[in-house]
Amino acid sequence: MKEIEIFGNIPVTKTGQKTLVERMKDALVEGEVDPIESIVKAKSLYEVLSVFLKDEDVKECVEKECDKYGKGESPDYCGAVVQIKEAGVKWDYKNCEDPLYNSLSLQMEELKQQMKQRETYLKTITSSKTEIDEETGEIYTILPPVRTASTSYSVTFKK
């Protein structure tokens with residue numbers, strides 16, 4: 001069977017993958033390769049492989065091949081085992097017609113909305129602020145929320 005050209009030197013073990021990552025990283029850190037070119041090509045390859053792995057035709061071909069091995073058997077390539085399994089199981093409770101569940105679900109949605117509104121308000125606070133609870137008369141101090149962020153980069157491809 002013909003091999004897809006790009007897969008020629010791809011490691012198929014965890015150790016091989018780790019080694020390749022270290023080699024790629026070392027070449028970049030040591031200045032042997034251009035960092036921008038490297039991340040653009042790596043990101044492109046990542047996106048290509050993501051689309052390939054999620055493609056329905058690809059999934060169908062893999063499932064057909066796995067079916068040839070029979071129940072309880074799995075194809076193996078250089079120690080990597082391919083198995084068909086259920087993934088992303090979800091339960092939909094909306095059609096259960098359970099009044100308690102429906103009530104709890106409605107309460108949760110209302111609470112989520114209230115939380116969003118309160119978070120929007122809290123984001124406007126830049127220094128401590130004293131407020132009074134009109135129901136209890138309690139005096140309390142609100143502090144501004146802590147904002148955290150990290151610096152990263154993004155790669156955007158032209159069409």
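Of note:
- Restricting the stretch 56-109 to residues that are in contact with a Cys (Cβ under 7 Å, 6 or more places away or on another chain) and of a type in the set (A, V, I, L, M, F, W, C), the residue that is farthest from GLY16 (Cα to Cα) is ILE84.
- Annotation for the stretch 71-80: at least one member residue is assigned by TED's automatic domain parsing to the domain that holds ILE10, closer than 30 Å to PHE7 by Cβ and either part of a helix (DSSP H, G or I) or among the basic types (Lys, Arg) (or both).
- Residue that is farthest from THR15 (Cα to Cα), among those in the stretch 81-105 that are in a loop (DSSP other than H, G, I, E, B) and among the aromatic types (Phe, Trp, Tyr): TYR93
- Residue in the stretch 116-126 that is among the basic types (Lys, Arg) and touching a residue at least 12 places away in the same chain (Cβ under 8 Å) present: yes
The values are calculated or read from the model by the stated rules, or taken from the named source; none is laboratory data. Just so it is clear, the structure is predicted and the values come from calculations on it, not from any experiment. FYI the Cβ positions are ideal-geometry reconstructions off the backbone, even for glycines, and counts take in every protein chain you see.
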